[in-house]
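Have a look at the structure below, then the notes.
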Amino acid sequence: MKIVKRIFLFIVVILLLTVIINYPKLNIIAGYSAKNTASSVFLGSRSLSFTDSTDNNFSPVDLAHTTINKKTKAAISSVFGLLTRKAIIRDGLGSVLTLNQQDEKSTYLTPKRIQTINDIKPYPYGNAPHKDSVFDTIDYDKLNETVASIFGERKTRALLILHKDKIISEKYAKGFTKDSRILGWSMTKSIMSTVFGVLQHQKKINIYDKAPIKSWQNDARKEITIHNLLQMNSGLEWDENYDEISDATKMLFLERDMTKSQEEKKVVGNPNETWNYSSGTSNLLSGIIRTQFKNHQEYLDFWYTDLIDKIGMNSMILESDLAGNYVASSYSWATTRDWAKLGLLYLHNGVWNGETLFSKDWVDYVTTPTPTSNGIYGAQFWLNTEKQLKDVSENMFFADGYQGQRVYILPQEDLVIVRFGLSWFEENEFLKGVLQSIH
């Protein structure tokens, strides 16, 4: 009997140790599931069952059990009933993970948006239906075959191709339409970078100035410029790892103020000589944008009034952290057609409907390779300067998000291509097929 009790006690101790050791992981797993579910259901207009079976069906996130409260617009997730996380929807700011019950009752500012509806001009410069255009220079059979190749098992959800400002191909997977908001993940970084471009054009900021971070002024970090941060070449320590507990996962699922995660890191390399991809840097930059305004309301408004709504990306929702900072690393939702407008803005060198939001100099800036990035990265945009995609033009650049979210800008071919999905895909072969269909 004593042996049985000892074995039982041993098993209990092992289980307790396992829970204690893995508790931080359970926190992040439940946090991911709650956050993603709240956004998917209440911003993306998908069902809980659809979200569970598609967006949250991978290990270890599938260990979480999630429910929703439609009345309070909340998602509650737990892992084995050991830990519970809640995400709530805040009007105009999307979903956010709470850290305590008070967060559910807190008041907050919301962005004031000016959404001028132009029902006369066709898409993309207005909201009237787009005009069907047939180009003699396009092999539509080849184009349709190429588009179809990345659906099905490739888990593509949406694909839109614009040529000379006209839609030449548009396709959606079951459950998605032209009106479906989809999460851009790290493509949000490119939105944030563009806000800097607008500020630079308006002479409200100089990106070559030293980063205005008070806590850096008495150590080596005081030499880091905004430019270094935009190129992710600051020399700051950061662990961008989503397979385990890391700087990135702790920031996204445990922090109240995500702008502080990178700020608090030490220097491990020289600015302009140490490229390191960092979502913490993008959120730090969001915080720097906030310091450029007199108050929080102006910060919240500017992203929309001077960029997003200015170019008619009216479906877009930027999500913020609990401290009211836009999560520039990861969280923005918009329709495929609206995401394409970001690409068109760059294709036309910052001019939209005759108004210059930023100059061609900014396009040149974001497409200039960051030192030590091996030519793959600019200022929060990805590049093809070293022909990483061998059959695509060297001057192609793109916004890049987790699981293959993309906005490709191909100036040489006058193309913008937007792809959303749940998995990576063979980019070179797909883009090669599209290019071969246009003569």
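The values are calculated or read from the model by the stated rules, or taken from the named source; none is laboratory data. Since the structure is predicted, the reported quantities are computational estimates derived from the model, not experimental observations. In this analysis, Cβ positions are derived from the backbone assuming ideal geometry, glycine residues included, and neighbour counts consider all displayed protein chains.
Observations, loosely collected:
- Residue satisfying condition, being farther than 24 Å from D179 by Cα and surrounded by 20 or more Cβ atoms within 10 Å (Cβ to Cβ), within set S59, S78, S39: S78
- Residue ID - nearest to L160 (Cα to Cα), chosen from residues in the range 109-135 that are surrounded by 16 or more Cβ atoms within 10 Å (Cβ to Cβ) and touching a strand residue (DSSP E or B) at 6+ places or on another chain (Cβ under 6 Å): H130
- Filter result (part of a loop (DSSP other than H, G, I, E, B), loosely packed, with under 13 Cβ neighbours inside 10 Å and in contact (Cβ under 8 Å) with a residue 12 or more places away in the chain) within the range 136-174: T137, K164
- When restricted to residues that are closer than 14 Å to N272 by Cβ, free of Cβ contacts under 8 Å to residues at least 60 places away in the same chain and in a helix (DSSP H, G or I), the range 213-226 contains 3.
- Within the range 127-138, not a single residue is under 22 Å from Q412 (Cβ atoms), acidic (D, E) and at pLDDT 95 or above.
- Any hit, the range 204-215, residues being closer than 16 Å to V268 by Cα and surrounded by 12 or more Cβ atoms within 10 Å (Cβ to Cβ): no
- I289 vs. criteria surrounded by 15 or more Cβ atoms within 10 Å (Cβ to Cβ), at pLDDT below 95 and within 22 Å of G401 (Cα to Cα): no
- Failed criterion for L318 (all others in (1) within 30 Å of Y408 (Cβ to Cβ); (2) in contact with a strand residue (DSSP E or B) (Cβ under 6 Å, 6 or more places away or on another chain); (3) surrounded by fewer than 22 Cβ atoms within 10 Å (Cβ to Cβ) hold): (3)
- Within the range 384-439, considering residues that are of a type in the set (K, R) and touching a residue at least 60 places away in the same chain (Cβ under 8 Å), the one surrounded by the most Cβ atoms within 10 Å (Cβ to Cβ): R419
- Listed conditions (1) in contact with a strand residue (DSSP E or B) (Cβ under 9 Å, 6 or more places away or on another chain); (2) in contact (Cβ under 8 Å) with a residue 40 or more places away in the chain are all met by R46, apart from (1).
- Residue match in the range 265-277 (condition: polar (S, T, N, Q), in contact with a Gly (Cβ under 6 Å, 6 or more places away or on another chain) and either surrounded by 18 or more Cβ atoms within 10 Å (Cβ to Cβ) or part of a loop (DSSP other than H, G, I, E, B) (or both)): yes
- The set of residues from the range 68-77 being at negative phi, within 25 Å of the chain's Cα centre (by Cα) and not small (G, A, S) comprises I68, I76.
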